[in-house]
Amino acid sequence: MATLEIARQSATRGGITGALPLKDTFEVAKLIDVSKCIGCKACQTACLEWNDLRETVGVNVGVYDNPHDLTENSWTLMRYTEWDNPETGRLEWLIRKDGCMHCADPGCLKACPSPGAIVQYTNGIVDFQKDACIGCGYCVKGCPFNIPRISKATEKAYKCTLCVDRVSVGQGPACAKACPTQAISFGTKAQMKDLAQKRIKDLTSRGYKNAGLYDPPGVGGTHVMYVLHHADKPQVYASLPGNDVKISPVVELWKGVTKYAGMGLIAFAAVAGAVHHLIVGANRVTEHDEQEGKKTLDGKIKESA
Amino acid sequence: MLKDVSRRQFLGTAGAGVAGTAIGAFGFDGAGEALAASIRPFKLEGTTETRNTCPYCSVGCGVILYSKGADKAAGKKGQLVHLEGDPDHPTNKGTLCPKGSALLDFVKAETRTKEPMVRKPGSNKWEPISWDAALDRIARLMKDDRDANFIAKNKDGATVNRWISTGFLAASATTNETAWATYKVVRSAGMLVFDNQARV
Amino acid sequence: MTNSWQDIKNTDLVLIMGGNAAEAHPCGFKWVTEAKANRGAKLIVVDPRYTRSASVADYYAPIRQGTDIAFLLGVINYLIKNDKVQWEYTKNYTNAAFIVKEGFGYSDGLFSGYDESKRDYDRSSWDYEYDEQGFAKVDTTLENPRCVWNLLKAHVAQYTPEMVERICGTPKDAFLKVAQMISETSAPDKVMTSMYALGWTQHSKGSQNIRCMAMLQLILGNMGMMGGGMNALRGHSNIQGLTDLGLMSNLIPGYLTLPNERESDIDTYMKTRGFKELRPNQVSFWRNYRKFFVSFQKAMWGDNARADNQWGYDFLPKMDVPSYDVLRAFEMMHQGKMNGYFCQGFNPLMSFPNKNKIKAALGKLKFLVVMDPLKTETARFWENHGEFNQSDPAKVQTEVFELPTTCFAEDEGSLTNSSRWLQWHWAGADAPGQAKTDVWIMSQLYKRLKALYEKEGGAYPDAIKALTWNYKDPNEPSPEELAREFNGYVVADVPDPADPSKMLLTKGKQMVAFAALRDDGTTACGNWIYCGSFTEAGNMMARRDNKDPSGLGVHQNWAFAWPANRRILYNRASADVSGKAWDPKRSPIAWDGTKWSGPDIPDIAPTAKPETVMPFIMTNEGVGRLFVHKLMKDGPFPVHYEPFESPVPNLVASKVRGNPAARVFKGDMEQFGDAKEFPFAATTYRLTEHFHYWSKHNAVNAVMQPELFVEISEQLAELRGIKKGDWVRVDSNRGYIKAKAVVTKRIKPLICDGKPVHVVGIPIHWGFMGATKKGFGANVLSPFVGDANIETPEFKAFLVDIKPTTPPTDAPATS
């Protein structure tokens, strides 16, 4: 069983600032070429099958997007947009595979309060560790792409693992393997960037003068990148955030909080937590918790500001 | 212990990031190795691989069946646990469409047929029936109909040897070998009302 | 397919029309994306809907369903008008120069010889002029006004771009753009591939849709070429195999045909099947018909097929009608003329047109036997499922059996894909419960029927008793035994006439190739085109060498391709008359001075000198047919006919309703609706998330498309007051369905002859069994009429109305 080296992990000393760098030679990426995607959903079914997940059978609400959103079981989803291109006057059916972008600078990891619940390996994969997850939902708020989902049943957060169990034995993710048109490729980040350039050249030759790579710098670049025919307008692809996407300032400020807080107080908090658990068991997340947590956090941010 | 710390303690007392640092101070920063080891073990370890072909459309994609519990000596193939595209296959090169990727749930469908059943005339329910009883009954129905309606000669006296009051629809995903055995049985009985799924 | 899936990577232009490969064959469509990415190939999609294929196309043009012939004849007209013809190919490799005899004619949508009372033609005038030796006369200058080329030119002249727009609703500029892109492949070293499927077959003129494209491909010189061809994308994993093996009413394996009742002996039978050459020095391969037929009879009846009983000729049933296709079968059933029916892995209640008629027909049977790995609707046609399937079981007297069978994962054997590859697979799981293989079930039925006849006697037991069944375990022949039998084997030693001490063929050995089959009873072969698939060297279908030394996607040692392991049919046409490749960079075979060589197996004798034998040896002309003498029921050239239910009149044949040679049963004509009551043009199709009526049983695929919907344009939605996600009711003259509404920009009203035609798109996959939400079958709506030549139902074009409604009601749950 191969293991991966952890670069950093949530809520852990040295974790946020980065104990280890991502390794260039080793950094992996998935490239999703939207111009080759036929929206067949093979990635969705392959994901469910590989990860032993099953989803509830829903209803049709007048669109092809099924399920209607990412869920704790559906870690990837095709999103369909019928777009009248104002420049050509022709209809385009833009289909984007949504899912975790595996940011180099992951907002979820930064936001996560539970030590080790979110890790980033040196190959760039950002992974949730459900044993450490407390289901607080901060990863959801920290994510600029709105990806993680909290299970009501298990009170844990879930998202794409980039098939870390496959990658760690030298295989590509299940979605990339399945993809019939090879719209999803997997390799080192450098290889994927090269491939993207080849695809962009082809698209440019076909009249897509704004074809380009989506690898937004605001999150340090991503380990899931898109080739877009209209890279100047990521928003037309089912509201993909713009190229200037950033981690929420709320989360960025969070780092300051850790610096601000004194060690004595912290030690007390952790011990109290452990004792509390011994008496009453793990708490369910309620709307009240959510509000309280938010207030506390907001307070801290104000303090640190 | 890590997993036992619930959200409220973090948020309600000292604040999330703070607590994180606290945990670190309590000596949890050795968690790295443990976490790496918690990557789900590769689930195809210890499975038996079998080459097969996707039964859906006509691309004929190669698939690999992964099963557990195969026992060659006992002639057991075991249970299918996973299925993926065959990377050696020149056409699909390991890829599969949304149907092919989910074939496991076809093999394991709740609505698979598992025992012979009969629904008697006018009845509103299915009843289980043994294979022997079902096959004997079907053969009897076939023979009675064939004997009553077989046309050995047409009105001009030409030998025609046809049976057209019973028909047979052949499948679209059975093997060529099944098809050949089916052809032999159907034609030797003189059946002409015979078709397959080529058109629909 | 004349070519193969991965050969598509060699193309310059892909035309997807009459199909939706990205949706229905995603892993085959991969080769389109490869051609685009690596060769800079272009993709054109012509379809009533902007499909998943269209989403990655370079150009999409809309077309009204059922008007493909007008479009394609329009393209042929464009090629002729703009001199975009592969002339050397057209002159030498087609019958353009053949002279058609006096008396042939065409006017107002009808060819000479039409008899309205029979809805049929006397086809005798659709023929060539012949010389004294019986050879067809030709005029290589193409000046004779009655040569095929000039008749074709006149025939297509009315299909101008303006006329195409009026009929098809394709804007003139879009049509011209497509025609121009296609015309570029008339260059000898440019190719287009045609990828089509049921979007062309499921029409009352389906065969002519395809023929029209074949004509176009001949004129462009794209047949036999790598990256070219006519690529029929078969719908099911082994429907190619089942058709190859003749599991149809009138077929014998390998596309031989059963005798009809006027052919009382084998010599009469052979008279119409000899296919004598129509040009000097040509090879008509069907000259070998008798060898294939006698070898088939030996495989069926063994020693009971002898010279003195005409090789068991009487054992075969004789036809009295052209075919007992499924439409005829259900018509007979509906009339109470059938008592028993078997469905092996087939769900006709959902799959066939006019579901209410199918349901009523099944209720008139004495017994119905369903063998299936899944619980089908057909086996439950008598169950009451409220609006989804209204029934009163007490009134249904059919005895129904449901026999559980294995599926692909649990059985072994070969499937033939669209590339004509026979690929072997092995079992990797145990059968669930008491499920059995179909071979076991068929063997048991045969064993019991034979035993009953042996015990009781009865109607003509001779053929049942004469059938060969020499298997190690007669209860369940092994896949290898059956495969060896259809490959063929030597029945008796055949000494070499040159040296009698040597053997040409040795008794008991597997046949190596169909060329060695004989008509003297010394060889047996179940299916001549599968000969070579299981030889003394072993099971060729199980080969897994994926090497491709030419890099052209040939993969000669992967599995076995029929015929003779040939990967590209008509590949002789990839070289010019002198044998030089039209494009040396992608050439399957070429003349090397002494023989044909290259990565593929030549579709011609390897030493047949160029400039003698022409490439199309399966025709008795030796060339491709732009004009078909007598073989098509509905005309030697295609004509635009409207669907039987059409929203507009036929602009080129105003008096003709539907295809004039299509068979329509009494009662079905009356069930056709008209545009006053049912104003909208409906079409049915597959979605990529589902496969036919199977994957709705799959819990994962059910999530991907959970519920029946219909697709309409924003304009039609507004017209009928329908919003996205609403329940709508769709009515045809045969019934109604309820579905969710998907309102989409991908469907737009088509302007045909100045008036808007609204399209209603109806996916097929739902029913009242399985893991999805219960749904109506699309075929409640479709009309009971088929293609004139092969009776494929007209699922792709009929009339409906649509309006908002309330959700459907199921039957109350029974405890």
Residue among B:47, B:91, B:53, B:95 that is β-branched (Val, Ile, Thr), within 10 Å of chain C (Cβ to nearest Cβ) and free of Cβ contacts under 8 Å to residues at least 12 places away in the same chain: B:53
Residue within the stretch A:126-147 that is away from chain B (no Cβ under 11 Å) and of a type in the set (Gly, Ala, Ser) present: no
Residue B:157 more than 7 Å from chain C (Cβ to nearest Cβ) and outside any helix (DSSP H, G or I): yes
Odd one out for residue C:414 among (1) more than 7 Å from chain B (Cβ to nearest Cβ); (2) polar (S, T, N, Q); (3) in a strand (DSSP E or B): (1)
Which listed residue, of C:269, C:289, is touching a residue at least 40 places away in the same chain (Cβ under 8 Å) and of a type in the set (Phe, Trp, Tyr): C:269
Criterion (under 30 Å from residue B:64 (Cα atoms), facing chain C (nearest Cβ under 7 Å), crowded, with 24+ Cβ neighbours inside 10 Å and of a type outside the set (Ser, Thr, Tyr)) met by exactly one of B:181, B:198: B:181
Search result, residues across the stretch C:219-267 that are more than 9 Å from every other protein chain (Cβ to nearest Cβ) and on the phi > 0 side of the Ramachandran plot: C:221, C:224, C:227, C:229, C:254, C:255
Tally, over the stretch C:519-534, of residues that are away from chain B (no Cβ under 13 Å), within 21 Å of residue C:423 (Cβ to Cβ) and of a type in the set (S, T, N, Q): 0
Near pairs, Cβ below 8 angstrom, 6+ apart or cross-chain, from the stretch B:178-191 (touching a residue at least 24 places away in the same chain (Cβ under 8 Å)) to any residue that is assigned to a helix (DSSP H, G or I) and not hydrophobic (A, V, I, L, M, F, W, C): B:189/B:146; B:190/B:146
Filtered residues of the stretch C:428-462 (kept if part of a loop (DSSP other than H, G, I, E, B) and either of a type in the set (Phe, Trp, Tyr) or modelled with pLDDT under 95 (or both)): C:460
Per-region count, the stretch C:207-249, residues assigned to a helix (DSSP H, G or I) and not small (Gly, Ala, Ser): 16
The stretch C:544-565, residues that are surrounded by fewer than 19 Cβ atoms within 10 Å (Cβ to Cβ) and of a type outside the set (Asp, Glu): C:544, C:546, C:547, C:549, C:550, C:551, C:556, C:557, C:564
Filter result for residue C:480 (in contact with a strand residue (DSSP E or B) (Cβ under 8 Å, 6 or more places away or on another chain), touching a residue at least 24 places away in the same chain (Cβ under 8 Å) and either assigned to a loop (DSSP other than H, G, I, E, B) or not assigned by TED's automatic domain parsing to the domain that holds residue C:404 (or both)): yes
Condition met for residue B:62 (within 30 Å of residue C:8 (Cα to Cα), more than 8 Å from chain C (Cβ to nearest Cβ) and modelled with pLDDT of 95 or more): no
Subset of the stretch C:420-464 that is more than 7 Å from chain B (Cβ to nearest Cβ) and in contact (Cβ under 8 Å) with a residue 40 or more places away in the chain - its residue that is farthest from residue C:532 (Cα to Cα): C:462
Qualifying residue in the stretch C:657-680 (condition: buried (at least 18 other Cβ atoms within 10 Å of the Cβ) and not in a loop (DSSP other than H, G, I, E, B)): yes
Residue list for the stretch B:101-131, filter: under 22 Å from residue A:49 (Cα atoms) and either more than 7 Å from chain C (Cβ to nearest Cβ) or assigned to a loop (DSSP other than H, G, I, E, B) (or both): B:101, B:103, B:104, B:108, B:109, B:110, B:111
Residues (in contact with a strand residue (DSSP E or B) (Cβ under 6 Å, 6 or more places away or on another chain), hydrophobic (A, V, I, L, M, F, W, C) and assigned to a loop (DSSP other than H, G, I, E, B)) located in the stretch B:62-87: B:70
Top-ranked residue in the stretch A:76-125 [being away from chain B (no Cβ under 12 Å) and basic (Lys, Arg); ranked as surrounded by the fewest Cβ atoms within 10 Å (Cβ to Cβ)]: A:90
Test result for residue C:475, within 16 Å of residue C:299 (Cβ to Cβ), modelled with pLDDT of 95 or more and exposed (fewer than 15 other Cβ atoms within 10 Å of the Cβ): no
Strands (runs of 3 or more DSSP E) fully within the stretch A:30-128 counting 1 or more residues that are among the hydroxyl-bearing types (Ser, Thr, Tyr): A:76-84, A:118-121
Test: residue in the stretch C:573-584 that is within 27 Å of the chain's Cα centre (by Cα) and within 22 Å of residue C:214 (Cβ to Cβ): yes
Checking residue C:379 against (1) of a type outside the set (Lys, Arg); (2) within 30 Å of the chain's Cα centre (by Cα); (3) more than 7 Å from chain B (Cβ to nearest Cβ); (4) surrounded by fewer than 23 Cβ atoms within 10 Å (Cβ to Cβ), the condition it does not meet: (4)
Residue selected from the stretch C:1-42 under the condition assigned to a helix (DSSP H, G or I) and among the small types (Gly, Ala, Ser), by the criterion modelled with the lowest pLDDT: C:37
Condition check for residue C:45: at pLDDT 95 or above, crowded, with 21+ Cβ neighbours inside 10 Å and not in a helix (DSSP H, G or I): yes
Single unsatisfied condition, residue C:470 versus (1) surrounded by fewer than 16 Cβ atoms within 10 Å (Cβ to Cβ); (2) in contact (Cβ under 8 Å) with a residue 60 or more places away in the chain; (3) farther than 20 Å from residue B:181 by Cβ: (3)
Residue in the stretch A:26-35 that is surrounded by fewer than 17 Cβ atoms within 10 Å (Cβ to Cβ), more than 10 Å from chain C (Cβ to nearest Cβ) and under 26 Å from residue A:215 (Cα atoms) present: yes
Residue tally, condition touching a residue at least 24 places away in the same chain (Cβ under 8 Å) and either more than 7 Å from chain C (Cβ to nearest Cβ) or surrounded by fewer than 24 Cβ atoms within 10 Å (Cβ to Cβ) (or both), over the stretch B:141-154: 2
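The values are calculated or read from the model by the stated rules, or taken from the named source; none is laboratory data. Note that the coordinates shown come from a computational prediction; the quantities given were computed from them, not determined experimentally. Positions of Cβ are generated from backbone atoms using ideal geometry, with glycine treated the same way; all protein chains shown enter the neighbour counts.
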